[in-house]
1. As an exercise: evaluate Pro515 against (1) within 16 Å of Ala549 (Cβ to Cβ); (2) assigned to a helix (DSSP H, G or I) and give the number of the one condition it does not meet.
2. Any idea how many residues of region 533-545 are small (Gly, Ala, Ser) and crowded, with 19+ Cβ neighbours inside 10 Å?
3. Pick from Arg445, Arg363, Arg449: which is more than 30 Å from Ser336 (Cβ to Cβ), touching a residue at least 24 places away in the same chain (Cβ under 8 Å) and surrounded by fewer than 22 Cβ atoms within 10 Å (Cβ to Cβ)?
4. Answer with yes or no whether Ala113 is surrounded by fewer than 21 Cβ atoms within 10 Å (Cβ to Cβ), out of contact with any strand residue (DSSP E or B) (no Cβ under 9 Å at 6 or more places or on another chain) and small (Gly, Ala, Ser).
5. Going by the conditions given, is Gly293 more than 19 Å from the chain's Cα centre (by Cα) and at pLDDT below 95?
6. If a residue must be without any contact (Cβ under 8 Å) to a residue 12 or more places away in the chain and assigned to a helix (DSSP H, G or I), how many such residues does region 83-100 contain?
7. Let me spell it out: the conditions are (1) in a helix (DSSP H, G or I); (2) at pLDDT below 90, and Ala73 meets all of them except one. Which number is the exception?
8. Does region 510-524 include one or more residues that are closer than 30 Å to Leu345 by Cβ and free of Cβ contacts under 8 Å to residues at least 12 places away in the same chain?
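The values are calculated or read from the model by the stated rules, or taken from the named source; none is laboratory data. Keep in mind it's a predicted model, so treat the numbers as computed, not measured. Here the Cβ positions follow ideal geometry from the backbone for every residue, glycine too, while neighbour counts run over all protein chains shown.
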Amino acid sequence: MGLHLRRGDAVAGRRFGPGQPAAAVAGLSPTLRRPWALFAGVTLTALAVRSVYIWQLADPTQNSLFAHPILDAALHRRWALGILDGTWPPSEPFFRAPLYPYFLALLYRIFGADNALVVQLAHGLVSALGAGLAGLCARRIWGRAAGWWAGMGFALLWPSIFYAGELLDVTLGVTLNLLLWWLLVGKLSGRSLFAAGLAFGLSIICRPLVLVITPVVGWYLVRQGVRLRGRGGLLLAVGLGIAILPVTARNLLVGGEPVLVAASGGVNFFIGNNAYADGNMAFLPGAPVDWQGEMSEVRKLAAQESGRPQSALGADRYFLGKGLDFWAHDTGSALSLFGRKLWLLVAADERSNNKNLEFWRSRSPLLRRPIWLGWAPVLALALVGLWRRDMDPNHRLLLIGSLLLYAAGLSFFFINARFRLPLLVWLVVPAGAGADQLVCAIRERSRDRRLWRNFALACTVLLVVWIPDLVNHRRDPGRDLESWRLLGDGYEKAGDLDRARTSYRRALDTYERYPYPRYKRIIPALHMRLGGLYLGEGKPREALPEYRAAEKLSGDGGAKFGVGMCLVQLGRWQEAAPIFREIVRSQPENWQAWGNLAICSEQAGRSGDAQELWRKVLSLNPGDAMARQRLRELENAVSGQ
């Protein structure tokens, strides 16, 4: 079959000149030089860090969302539970790659869906395995010391730690990506090619964007002597097929459309390429504010806009066309947006998407400390590692090609911390080699000008990506009104009403200090939530100003109803009655408003009116026991007279 690896593990014990790996590993004990020791050491370190973080994250006083996930995490939980009870997936092609929901369903099956801490610790283990794989990748390419640096770098990488605490697919995806690299840079055999194909396939059905590196993987294998039309290529294809074909077949047989993995590429392309896009946020123009990311919602929106029913694939192609139209008809704006995304791709700070990273980091006793590795130093060290003269040219092709193709593919969508994490994790591998070379150069007092020129260039890159963000990118967690609102929602779901009120009040105080227009639509809902909490605790006097503020800001019928309820509970019947009359005029099916109007009539001594109103309530809601009882009592009182 002609399989071979040109250098393999031989680099681990070879001296290539000043500042190269042999000097760095000279002080390691024989035990620490073994691959299993490296894997175990960095994996356990990463697991310990992530376990502490997740344990702290589970504290309901600090993070009310741990047991009550939101947005994409809530969607994944709902899908996983649907897999267990047979209600998901629906009879249409997958809208998102399906591996992670099935993985989460497996964890729920093993540990129980209510055991949030153990399930999240399992995510921490998956993330920690990535540290071991990063270390083994670097060891195979540059040697043992580089492996230790890479593995420990991954263990201390704060975005990886953060996302290990979320019910999101990115943690599983990056670990599979590292597994693929480790298999490819090792000794290539039929078994390893089959395993690489399987790992690649699983990664694709977890996060399909990784498909963009297919050309560089194929080119690398050819250069390594693998005949893609021979036995090696067949085994690689079998591994890929085992992972991908069941998904494709299910989409075709059940969904009725030829979708390889998921029918969302066009939707995501439009999200990243439209007149409202900023290169960062995942916002679908035209979708409701509470869009949950379901295919049914996308099809509905596409049908409304196009004027005809849309299948899953048809809706995806419709939005792809809209994104392409943006490029065709507003090329200047599209190019400007693309340029901004290229900057976001390399900028030092991590941009938030669904959750404000800095806000939630500030609530973690572990991650709030400024000791963790991030994008800028990893990128600078990775450049040093990729420039090393002792690197096999084919390995350089695989690493640089994968990074460039993935970055290019990502740039056509949207850039934020979660979607940039696969790049960051891959960069950790050559960053370990860069750290190894830097330490060796300092230790040996190297005079190699080329080496120090590389270090200077890497430092320049570090400053270029770091200084603009330092000057222009403001990361004030206190300004994030939405985060306080989400925190309050979580506390309310958990029954911690005192902290819920405090969080909602902090959100309103934030708006008073920073009245950003994008938050304006949230303010009435915050007053509504506070009013509901007070009213639920029997405090109508405190609830009344909240409902009135909500009504003034939005004119919402629910706020008007809340005002009326407060007035009823305060005994101010004459003020409440006109409010409920106005509500039933605009909402004649609102039986609760009819019921409150009946109470007002009773208190005003109009028994006949009250009886008619209670009958109206029963006609709208025949099961209302209170209405039936009050009507009976009023009728008995009349007959007794």
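1. It is condition (2) that Pro515 fails.
2. Taking region 533-545 as the starting set, the residues that turn out to be small (Gly, Ala, Ser) are 536, 538, 543.
Subset that is crowded, with 19+ Cβ neighbours inside 10 Å: 543.
Residues flagged as small (Gly, Ala, Ser) and crowded, with 19+ Cβ neighbours inside 10 Å within region 533-545 amount to 1.
3. Details: Arg445 fails: touching a residue at least 24 places away in the same chain (Cβ under 8 Å); Arg449 fails: touching a residue at least 24 places away in the same chain (Cβ under 8 Å).
Just a single option satisfies the conditions, and that option is Arg363.
4. Working: surrounded by fewer than 21 Cβ atoms within 10 Å (Cβ to Cβ): yes; out of contact with any strand residue (DSSP E or B) (no Cβ under 9 Å at 6 or more places or on another chain): yes; small (Gly, Ala, Ser): yes.
Taking the combined requirement at face value, the residue satisfies it.
5. Values: more than 19 Å from the chain's Cα centre (by Cα): no; at pLDDT below 95: yes.
Taking the combined requirement at face value, the residue does not satisfy it.
6. Result for region 83-100: 1.
7. So Ala73 meets the others, but not (2).
8. Yes, the conditions are met somewhere in region 510-524.
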